[in-house]
1. Provide the net charge surrounding Glu27, with neighbours chosen by a C-beta distance below 15 Å and charges set as Lys +1, Arg +1, Asp -1, Glu -1.
2. For an R0 of 35 angstrom, estimate the FRET efficiency from the Cβ-Cβ distance between Asp92 and Asp114 and round to the nearest 0.05.
3. When Lys and Arg each count +1 and Asp and Glu each count -1, what net charge do the other residues less than 11 Å away from Ser144, Cβ to Cβ, add up to?
4. How charged is the neighbourhood of Val118? Take every other residue with its Cβ under 12 Å from the Cβ of Val118, and add Lys/Arg as +1 and Asp/Glu as -1.
5. Return the long-range amide H neighbours of Val158 (sequence gap of 5 or more, or a different chain), with a cut-off of under 5 Å between placed amide H atoms.
6. Ordering Asp47, Asp92 by how much accessible area each has at a 1.4 Å probe, largest first, what is the list?
7. Largest first, how would Arg55, Arg95 line up by accessible area (1.4 Å probe)?
8. R0 = 25 Å: FRET efficiency of Ala99 with Glu27, Cβ-based, nearest 0.05?
Amino acid sequence: MASAAAPADAAAGAGRRRIVVAVDEGEESAHALAWCLANVVSPAGGDTLVLVHARRPPPVYAAMDSAGYMLTSDVLASVERHASAVSAAAVDKARRLCAGHPHVAVETLVESGDPRDVICDAADKVGADLLVMGSHGAFLGSVSNHCAQNCKCPVLIVKRPKE
């Protein structure tokens, strides 16, 4: 009798999952997100996708480069604006993919740091039931391998089909 109740309990809990999806500006992460939306999230609703983007920390520049050019605060601010724009574009692209799935709650988290650490830490921080990520991309590859070995939650690595 108890075994008959277990599948019903599991099905009831399936709609309350927190699924972290690592996103970047690459097509592999977009494919992983689209695959997750089509194959993982519950069509009945209740799942929450947490889109995590790891922003590389700003590089440390010397006041003068090797060619003798001064790096002014304007140049450094421009580099920072560009990095912010890249992050915003990656998250916006992912949100647009999610827009066709109104039954899924979407949250975003953008953190600065090594993508391996940011993604694993974010999955732990939000209490992820599952981490979904692409196998290659702008910074995925060794990152997916690291996450598969170090994240506390299950990790689903989605390979993009060969064309």
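1. Local net charge: +1.
2. It comes out at approximately 0.90.
3. The answer is +1.
4. Charge balance near Val118 sits at -2.
5. For Val158, whose amide H was placed from the backbone, the distant partners under 5 Å are Met133, Gly134, Ser135.
6. Asp92, Asp47
7. The ordering from most to least exposed comes out as Arg95, Arg55.
8. E(calc), rounded to 0.05, equals 0.85.
The values are calculated or read from the model by the stated rules, or taken from the named source; none is laboratory data. Given the structure is predicted, the values throughout are model-derived calculations rather than measurements. Neighbour counts run over all protein chains shown; Cβ positions are idealised from the backbone, glycine included. Remember, those area values only see protein heavy atoms, side chains included, never the ligands or the DNA or RNA. Shrake-Rupley method; radii C 1.70, N 1.55, O 1.52, S 1.80 Å.
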